[in-house]
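K.L.:
Provided herewith is a single structure, encoded as structure tokens, for subsequent inquiry.
The values are calculated or read from the model by the stated rules, or taken from the named source; none is laboratory data. None of these values were measured; they are calculated from a predicted model. Please note: Cβ atoms are built from the backbone with ideal geometry, for glycine as well, and neighbour counts cover all protein chains shown.
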Ligand code: F6R
């Protein structure tokens, strides 16, 4: 949510900032802005409602010159997306420029105090309050420099922030800080890069420092990087090497990131299984489980917390853990879980699933579970993200950067990791015998190839998309392992095409949603040959009897559903637990093609942001 970039060095900052903002635009895209400090000591400040291209158009070719600058792409929280609310925000005297990702919860009280001291505000934002607060502190004490003033100001702030501050009077330094919103500092040769994630940095340096919560940093051309906590304790920076490849953040010939990411799934699932699924050794190696075997053996209960698509992965995991490991599982929306008073303690393992590893509610849920004594196992895609760092143990999904706002390859990679975990724990607890364990391993290892085969169906799916693109509503149904697939199918369609869609367990249809069915209602239903097949066939008949249009995902060779449904899409046979890794792909492609045909902004759908770092 909101993207931050910054540069300090000898190069021209502006092109770097624009390129970085375009890479971060997936985080928020309702307005954009930059501030560059020129060699003449003047701050060049431009902001615009809309995307980075709207900012560039507004600038009409004026290229700010200078080698210190900050840039921001916004996802509005306080105040509508307009030019005035766009970042950077300036102090009253115009000397300081600040960009911010997060929410200052006590901004109203701070603002009242500052207004009483003569400050005037032009925007609705909490961010403008913060830059005025730093200005006020800076002016009230001659002993404080910008670094100190920022540190002191942040002690007065309640909420979340990743900030970068430029001071006209200090052309050789940039001040940064974070709490609950990510910030990465790239260390180059005589230059520094700053960003909300590593994607704008990777092109220039692989050496990065991830700022921790409540840390304030100063990057200076003369004295390098210095970090302190907001309570003024010195911190030694830890430099980490980035493993990301440049190609992974480019479209590579695809029209959209989402399409590229859908097509990457055979590889991303294989990457996720590689080294963990050891067919030759008849073993699964998951460090986060192997290192805590007793704990997993003794665990009384698993609690899975996540949001959105990751929550759907959690629902499928519930079935897997119950099936393979015979362990009770609860799946919770992180946002609900954290505000209840859940009964949780030692003996519970909390699994947090998050692509970004930065989702505010999921992060808060794991902090609460840790306080209550649970072990936290994090499943994240973004390496070095907050959730991955705050978990006791965990597993990365290794899907590579996911840039399309709608999650696709991260979801299937989550399913692959969760399958590995459930099988591993099942074996550890003696719930899976060797024969079934081996069968599951073989079956799972064949999934990437079966996903690859599904990509060949794209032209067929595109035709279905053409036929149903104007439907105002859609229903997605599934049972058992495929019930969460129905939820995910509906979410995908609504978020990128803006068609109203609902997902239901197929059997629930007759308890209400059936009233919606008529000849205009497409019903997308997973009817693969599994334990629920006969029941799903009955549900299809119920839809057909009411004139509904049925688009069914079936197992290759199926003839029964084919004779009833209006359209069918075939997936290969697999163990029931792994079918979601297949059945979800046609829904992804379908949503994608419907959205393209409706001329939607597929990679950056309206009102959404990739990383939800606000509560
Ligand atoms: C939907 C989607 C969102 C995310 C949700 C959680 O396509 O991407 O529903 O799944 O915001 O995000 P993470 O997984 O980053 O915690």
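K.L.:
In segment 504-514, is there at least one residue being within 25 Å of the chain's Cα centre (by Cα), outside any helix (DSSP H, G or I) and buried (at least 18 other Cβ atoms within 10 Å of the Cβ)?
P.N.:
Yes; the residues of segment 504-514 include at least one that is within 25 Å of the chain's Cα centre (by Cα), outside any helix (DSSP H, G or I) and buried (at least 18 other Cβ atoms within 10 Å of the Cβ).
K.L.:
Among the listed residues 226, 218, 231, identify the single one that is part of a strand (DSSP E or B), surrounded by fewer than 17 Cβ atoms within 10 Å (Cβ to Cβ) and assigned by TED's automatic domain parsing to the domain that holds residue 11.
P.N.:
Numbers: 218 fails: surrounded by fewer than 17 Cβ atoms within 10 Å (Cβ to Cβ); 231 fails: part of a strand (DSSP E or B).
Sole residue among the options that is part of a strand (DSSP E or B), surrounded by fewer than 17 Cβ atoms within 10 Å (Cβ to Cβ) and assigned by TED's automatic domain parsing to the domain that holds residue 11: 226.
K.L.:
Taking segment 1-32, which residues are buried (at least 24 other Cβ atoms within 10 Å of the Cβ) and not in a helix (DSSP H, G or I)?
P.N.:
Passing the criteria: 1, 2, 3, 4, 5, 6, 7, 8, 28, 29, 31, 32.
K.L.:
Could you check segment 522-615 for helices (runs of 4 or more DSSP H) lying wholly inside it with 2 or more residues that are more than 22 Å from the chain's Cα centre (by Cα) and under 19 Å from residue 503 (Cβ atoms)?
P.N.:
The qualifying helices (runs of 4 or more DSSP H) are 533-545, 579-597.
K.L.:
Now for a separate question. Any chance segment 119-127 includes a residue that's assigned by TED's automatic domain parsing to the domain that holds residue 155 and not in a loop (DSSP other than H, G, I, E, B)?
P.N.:
Within segment 119-127, one or more residues are assigned by TED's automatic domain parsing to the domain that holds residue 155 and not in a loop (DSSP other than H, G, I, E, B).
K.L.:
To continue, here is another question. Residues that are modelled with pLDDT of 95 or more, assigned to a strand (DSSP E or B), assigned by TED's automatic domain parsing to the domain that holds residue 39 and touching a strand residue (DSSP E or B) at 6+ places or on another chain (Cβ under 9 Å): does segment 197-207 have at least one?
P.N.:
yes
K.L.:
Something else now. Quick one: residue 433 ticks every box in (1) free of Cβ contacts under 8 Å to residues at least 40 places away in the same chain; (2) closer than 19 Å to residue 526 by Cα bar one, so which box is it?
P.N.:
Checking residue 433 against (1) free of Cβ contacts under 8 Å to residues at least 40 places away in the same chain; (2) closer than 19 Å to residue 526 by Cα, the one that fails is (2).
K.L.:
List, please: which pairs have Cβ atoms under 7 Å, are six or more places apart or on different chains, and start with a residue in segment 236-257 that is surrounded by fewer than 12 Cβ atoms within 10 Å (Cβ to Cβ) and end with one that is part of a helix (DSSP H, G or I)?
P.N.:
252/260
K.L.:
With respect to residue 465, is the statement that it is more than 16 Å from the ligand (Cβ to nearest atom), over 24 Å from the mean Cα position of the chain (by Cα), closer than 17 Å to residue 586 by Cβ and part of a loop (DSSP other than H, G, I, E, B) true?
P.N.:
no
So that you can scan it fast, the table gives a plain yes or no per residue for (1) outside the structural domain of residue 262 (by TED's automatic domain parsing); (2) under 27 Å from residue 426 (Cα atoms); (3) touching a strand residue (DSSP E or B) at 6+ places or on another chain (Cβ under 6 Å):
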residue: 538; (1), (2), (3): yes, no, no
residue: 548; (1), (2), (3): yes, no, yes
residue: 554; (1), (2), (3): yes, no, yes
residue: 583; (1), (2), (3): yes, yes, yes
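K.L.:
Check segment 92-99 and report whether any residue there is assigned by TED's automatic domain parsing to the domain that holds residue 54, within 27 Å of the chain's Cα centre (by Cα) and crowded, with 16+ Cβ neighbours inside 10 Å. Give the steps one after another, and end with the answer.
P.N.:
We begin by selecting, within segment 92-99, every residue assigned by TED's automatic domain parsing to the domain that holds residue 54; these are 92-99.
Those still in the list that are within 27 Å of the chain's Cα centre (by Cα) too: 98-99.
Among the residues that remain, those that are also crowded, with 16+ Cβ neighbours inside 10 Å are: 98-99.
Yes - at least one qualifying residue is present in segment 92-99.
K.L.:
If residue 280 passes every condition in (1) in contact with a helix residue (DSSP H, G or I) (Cβ under 8 Å, 6 or more places away or on another chain); (2) away from the ligand (no atom under 16 Å from the Cβ); (3) not in a loop (DSSP other than H, G, I, E, B) but one, which one does it miss?
P.N.:
It fails just one condition, (1).
K.L.:
Further, regarding this structure: Checking the condition at negative phi, within 14 Å of the ligand (Cβ to nearest atom) and modelled with pLDDT under 95, which residue from 358, 371 passes?
P.N.:
Numbers: 371 fails: within 14 Å of the ligand (Cβ to nearest atom).
That would be 358, the only listed residue that is at negative phi, within 14 Å of the ligand (Cβ to nearest atom) and modelled with pLDDT under 95.
K.L.:
Within segment 48-69, count every residue that is part of a strand (DSSP E or B) and touching a helix residue (DSSP H, G or I) at 6+ places or on another chain (Cβ under 7 Å). Give the steps one after another, and end with the answer.
P.N.:
From segment 48-69, those part of a strand (DSSP E or B) are 48-49, 68-69; that's our starting set.
Subset that is touching a helix residue (DSSP H, G or I) at 6+ places or on another chain (Cβ under 7 Å): 48, 68-69.
Qualifying residue count for the region: 3.
K.L.:
In segment 402-413, which residue that is part of a helix (DSSP H, G or I) and within 17 Å of residue 611 (Cα to Cα) is farthest from the ligand (Cβ to nearest atom)?
P.N.:
Applying the filter and picking the extreme gives 409.
K.L.:
Going through 395, 399, 419, 431 one at a time, which residue ends up being part of a loop (DSSP other than H, G, I, E, B), in the same structural domain as residue 320 (by TED's automatic domain parsing), more than 12 Å from the ligand (Cβ to nearest atom) and in contact with a helix residue (DSSP H, G or I) (Cβ under 9 Å, 6 or more places away or on another chain)?
P.N.:
It is 431.
K.L.:
Is it the case that segment 362-378 has a residue that's under 12 Å from the mean Cα position of the chain (by Cα) and more than 19 Å from residue 317 (Cα to Cα)?
P.N.:
No, the conditions are met nowhere in segment 362-378.
K.L.:
Among the candidates 332, 336, 346, 322, single out the residue that is more than 13 Å from the ligand (Cβ to nearest atom), assigned by TED's automatic domain parsing to the domain that holds residue 397, closer than 30 Å to residue 609 by Cβ and out of contact with any helix residue (DSSP H, G or I) (no Cβ under 8 Å at 6 or more places or on another chain).
P.N.:
Only one candidate passes the filter, namely 336.
K.L.:
For segment 258-277, which residues satisfy the criterion of being touching a helix residue (DSSP H, G or I) at 6+ places or on another chain (Cβ under 8 Å) and either loosely packed, with under 14 Cβ neighbours inside 10 Å or outside any helix (DSSP H, G or I) (or both)?
P.N.:
Of everything in segment 258-277, those that are touching a helix residue (DSSP H, G or I) at 6+ places or on another chain (Cβ under 8 Å) and either loosely packed, with under 14 Cβ neighbours inside 10 Å or outside any helix (DSSP H, G or I) (or both) turn out to be 264, 276, 277.
K.L.:
Hey, any hits in segment 436-447 for a residue that's within 11 Å of the ligand (Cβ to nearest atom), crowded, with 21+ Cβ neighbours inside 10 Å and farther than 19 Å from residue 302 by Cβ? Working first, answer last.
P.N.:
Of the residues in segment 436-447, the ones within 11 Å of the ligand (Cβ to nearest atom) are none.
Taking every residue of segment 436-447 in turn, none turns out to be within 11 Å of the ligand (Cβ to nearest atom), crowded, with 21+ Cβ neighbours inside 10 Å and farther than 19 Å from residue 302 by Cβ.
K.L.:
If you don't mind, there's one more thing I want to ask. I'm trying to understand the selection: among the residues of segment 591-615, which are buried (at least 20 other Cβ atoms within 10 Å of the Cβ) and within 10 Å of residue 405 (Cα to Cα)?
P.N.:
602, 603, 604, 605, 609, 610, 611
K.L.:
If you don't mind, another one. Can you name the condition, by its number, that residue 521 falls short on among (1) within 16 Å of the ligand (Cβ to nearest atom); (2) surrounded by fewer than 22 Cβ atoms within 10 Å (Cβ to Cβ); (3) within 10 Å of residue 474 (Cβ to Cβ)?
P.N.:
(1)
K.L.:
Let me ask something else. If you check residue 426 against the conditions, is it in the same structural domain as residue 268 (by TED's automatic domain parsing), crowded, with 18+ Cβ neighbours inside 10 Å, more than 13 Å from the ligand (Cβ to nearest atom) and in a strand (DSSP E or B)?
P.N.:
Here the answer is no, as residue 426 does not meet what is asked.
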